[in-house]
1. Run the dipole for the protein assembly as shown about the Cα centre, Lys and Arg Cβ at +1, Asp and Glu Cβ at -1, nothing else charged, and hand back the magnitude in debye, nearest 20.
2. Specify the residue with the greatest mean-square fluctuation among B:Asn383, B:Asn32, B:Asn181, computed from a Gaussian network of chain B linking alpha-carbon atoms under 10 Å apart.
3. Given R₀ = 51 Å, what would the calculated FRET efficiency be for B:Gln177 paired with A:Asp365, taking r from the Cβ atoms and rounding to 0.05?
4. Under a point-charge model restricted to the Cβ atoms of Lys and Arg (+1) and Asp and Glu (-1), what is the dipole moment magnitude of the stretch A:306-352 relative to its Cα centre, in debye to the nearest 20?
5. Based on the alpha-carbon gyration tensor of the stretch A:1-110 and its eigenvalue square roots a ≥ b ≥ c, which shape applies: rounded if a/c is under 1.5, prolate if not and a/b is larger than b/c, or oblate?
6. Do the sum for chain A: with -39,500 (n - 2.57) for every DSSP H run of n ≥ 4, divided by all residues, what is the mean residue ellipticity at 222 nm, to the nearest 500 deg cm²/dmol?
7. Between A:Arg17 and A:Leu83, with labels modelled 7 Å along Cα→Cβ, what's the label distance in nm to one decimal, could you check?
8. Put a label point 7 Å from Cα along the Cβ direction on B:Lys276, then list its distances to the equivalent points in the other copies in nm, shortest first.
Number of protein chains: 2
Amino acid sequence: MSDANANPGTSPSSGMRDFLPLEAAHRRRVLNAIVSSYRRDGFSEIGTPCMERLEVLQNAQGGENDKLTYKVLKRGDKLSAALQAHPMRELADAGLRFDLTVPLSRFVGHHSAELPLPFKAIQVGPVWRAERPQKGRFREFIQCDIDILGEASSHAEIELILATAKCLSELGVDGTQIRINDRRIITQFARYCGFADSFFETFFIALDKLDKIGLDGVVREFQASGAQPQAIHKFQSFLGAKAGASSTLRELQAEFGPATDAACDDVDEIIRGVEKASAGRVAITFDLTLVRGMGYYTGPIFEAVHPQYASSLGGGGRYDGMIGRFSGRSIPACGFSIGFERLLDLIAQRGQMDPGPERCALLYDAGDDFIQALRAAEHLRSNGREILLVRRKKNFREQVSMLNKIGVHRALKLADTTHPDLAFFDIGPDARV
Amino acid sequence: MSDANANPGTSPSSGMRDFLPLEAAHRRRVLNAIVSSYRRDGFSEIGTPCMERLEVLQNAQGGENDKLTYKVLKRGDKLSAALQAHPMRELADAGLRFDLTVPLSRFVGHHSAELPLPFKAIQVGPVWRAERPQKGRFREFIQCDIDILGEASSHAEIELILATAKCLSELGVDGTQIRINDRRIITQFARYCGFADSFFETFFIALDKLDKIGLDGVVREFQASGAQPQAIHKFQSFLGAKAGASSTLRELQAEFGPATDAACDDVDEIIRGVEKASAGRVAITFDLTLVRGMGYYTGPIFEAVHPQYASSLGGGGRYDGMIGRFSGRSIPACGFSIGFERLLDLIAQRGQMDPGPERCALLYDAGDDFIQALRAAEHLRSNGREILLVRRKKNFREQVSMLNKIGVHRALKLADTTHPDLAFFDIGPDARV
């Protein structure tokens with residue numbers, strides 16, 4: 001298993017990533033831009049720890065993500081006791097959060113007396129999922145969430161969708177579209193097809209994969225899970241018919257019956273509210289096949305998609321039941337989460353990476369006085385410039401190419417710092433100085 | 001153990017913290033100010049994952065912190081295999097980082113071909129230690145590190161100390177002092193007293209507690225660990241004598257002999273360099289009793305202290321051996337870490353919390369048109385204002401007190417948004433509107 005020389009190697013843990021300077025700086029700029037945008041819209045940042053008690057995470061109906069939780073081993077006597085018990089007791093007492101919604105729900109339950117309700121929250125930070133490592137899937141990744149707690153009406157959804165769409169647009173990602181559905185409509189869809197109540201969870205999970213595995217794939221999953229053939233047939237003909245998949249809200253309401261009235265009214269109000277408040281700038285459409293993975297959603301669900309990107313850029317929905325499961329006090333809740341890694345991916349793909357502030361090297365030679373160089377650098381920084389003090393090497397061309405890699409494209413010689421006009425010059429592949 | 005009703009409660013995991021809006025916003029502002037200050041000094045931010053392979057963490061000579069590592073349980077088949085083996089194999093394959101120096105060392109070993117050397121790094125982020133929960137000690141806390149990799153001379157220490165002192169000063173924390181010592185001098189001190197080489201580790205650990213347990217406490221620890229009585233006596237008389245503890249570098253050099261020549265020259269060069277480059281603004285003094293907890297230091301060590309704060313605000317030193325232990329390529333290294341939590345504590349204690357940008361409530365009533373309120377809020381935000389859309393409640397006084405808690409101290413009524421002069425007014429405990 002381990003190297004004979006006990007050298008542990010230098011690669012990050014499987015599925016985890018290091019960030020080199022240009023990427024790290026870009027990530028910080030985008031993250032701060034997201035937080036600033038949401039703050040202007042009146043949201044307030046809060047913070048929760050990365051690690052939560054295991055019972056908090058397990059209480060959360062996180063769907064598939066429950067199984068992907070990284071568990072933290074007990075320590076000392078507690079670990080020994082767990083190992084020695086028959087049968088062996090739980091070896092872990094904590095876990096790394098798999099999303100930001102579960103910790104927020106615990107937080108709001110804990111601090112509701114210290115917060116105005118409705119409360120509009122921002123939470124950004126890393127989450128962890130023990131996914132099988134594969135391209136574009138990371139085991140540690142950043143989420144950027146906004147949530148409105150204590151607002152039962154569709155005003156919450158409207159404000160969340162507008163704020164998220166505006167944030168994406170401010171980051172230069174134009175053309176985002178919002179897809180919306182409602183968990184109550186999907187539930188009624190399953191019932192309408194004739195699936196048993198006990199099958200609904202399986203129904204959601206399989207339908208959620210429609211984009212990836214197609215209608216035939218979903219049908220095969222239903223069959224493999226032992227669903228009633230008549231229900232599968234009704235599902236297949238409904239979605240297979242062009243009219244079924246593209247039905248309007250009102251057509252579905254007529255087809256599925258009055259059980260969907262409240263949900264359809266809510267979704268309709270959200271669509272009209274978003275369109276009107278944004279003067280049509282935010283594109284939002286109903287989509288019966290949108291599911292979202294989490295088990296905790298209870299009402300409207302939505303996601304942001306972009307024509308140049310295969311996966312959704314973010315998603316969210318209403319999870320009215322969750323806070324009450326922690327605190328006993330029921331507080332309605334709704335949130336929208338931006339998938340930070342995907343957003344960065346799209347920004348890079350569109351060639352929209354902001355180069356950041358100019359960085360300059362102050363070049364000195366081995367024979368120069370280091371303290372004088374330090375003082376000259378300090379003087380240059382006084383107007384906010386980013387100045388990197390660099391001792392010139394013999395192979396300056398190679399040195400320049402490495403400096404370029406960390407975003408340094410300008411330089412100044414120590415000898416020139418006393419001149420009244422600072423003689424900054426470009427450094428790049430053709431540098432001859 | 002667990003509640004009968006299976007409600008997991010709402011408190012964070014033991015020793016972990018939630019952050020309410022004012023604190024969370026303050027933390028982000030200070031963190032960004034630190035990164036900006038270090039960037040101006042030419043340092044580049046990099047990122048590493050929070051979780052590292054266990055063998056990486058265990059390779060690191062983290063001193064006491066090795067024992068405080070949170071370990072992450074293996075999953076699936078690997079966990080079953082570990083449990084079923086006789087004797088049982090390691091149940092964890094990863095751990096949460098206990099500092100930022102170990103991940104940085106792995107990072108630099110991995111990416112040295114992509115970085116200019118010397119490379120000046122910034123790394124900020126959470127670290128975890130499974131400490132016994134107690135006042136002022138947290139199990140998850142932020143560190144802000146700068147490091148210079150690939151610079152063997154004292155230029156690294158001088159630049160790190162100047163940058164850290166300036167950063168603290170820019171945050172309004174004036175009066176910071178730097179204490180400096182060298183691991184090679186402490187080692188020679190132990191040898192001079194007559195302690196056996198095998199006792200040096202214990203010597204470091206006990207001496208590190210001098211501030212907390214006093215000279216008598218350190219002596220008792222030596223006795224309990226079975227040190228030679230003559231050595232303890234020599235140690236006690238040397239430090240007990242006023243002249244011993246306050247000896248100058250040159251006096252010690254004469255006393256300890258030529259084995260400390262290189263170390264004393266380095267420390268002397270650093271002290272003179274810092275004083276000269278800062279024109280005396282940065283106070284720096286030699287302190288024979290400074291140890292720093294980590295086992296990986298090899299040369300100069302230093303810390304920043306403040307007369308109004310009992311613990312150090314940060315510390316660091318040279319760890320030339322560590323990167324080579326990961327990559328096989330020896331790269332000299334030196335770093336300075338700011339203890340973010342302590343810094344925030346001191347800033348709060350000094351009443352220097354920055355209130356941040358003005359936040360305003362746009363007040364509407366239940367009878368108002370929500371979409372119109374949204375559009376009015378959006379209009380007000382166009383110049384960068386932070387506008388929180390708020391539906392006025394019957395108990396406005398209570399509502400105001402909650403809004404104050406999240407930093408909202410100004411308001412405007414929806415009806416007044418059409419006036420050419422915006423009628424913002426203060427909201428506070430005496431609000432009557």
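1. The dipole magnitude comes to about 520 debye.
2. Of B:Asn383, B:Asn32, B:Asn181, the most mobile in the Gaussian network model is B:Asn383.
3. 0.95
4. The dipole of the stretch A:306-352 has a size of about 160 debye.
5. The shape class here is oblate.
6. -12000 deg cm²/dmol
7. 3.6
8. 7.4
FYI, it's all coordinate maths here, none of it is from the lab. Since the model is a prediction, treat every value here as computed from it, not as a measurement. Neighbour counts are summed over all protein chains in view; Cβ atoms, including those assigned to glycine, are modelled from backbone coordinates with ideal geometry.
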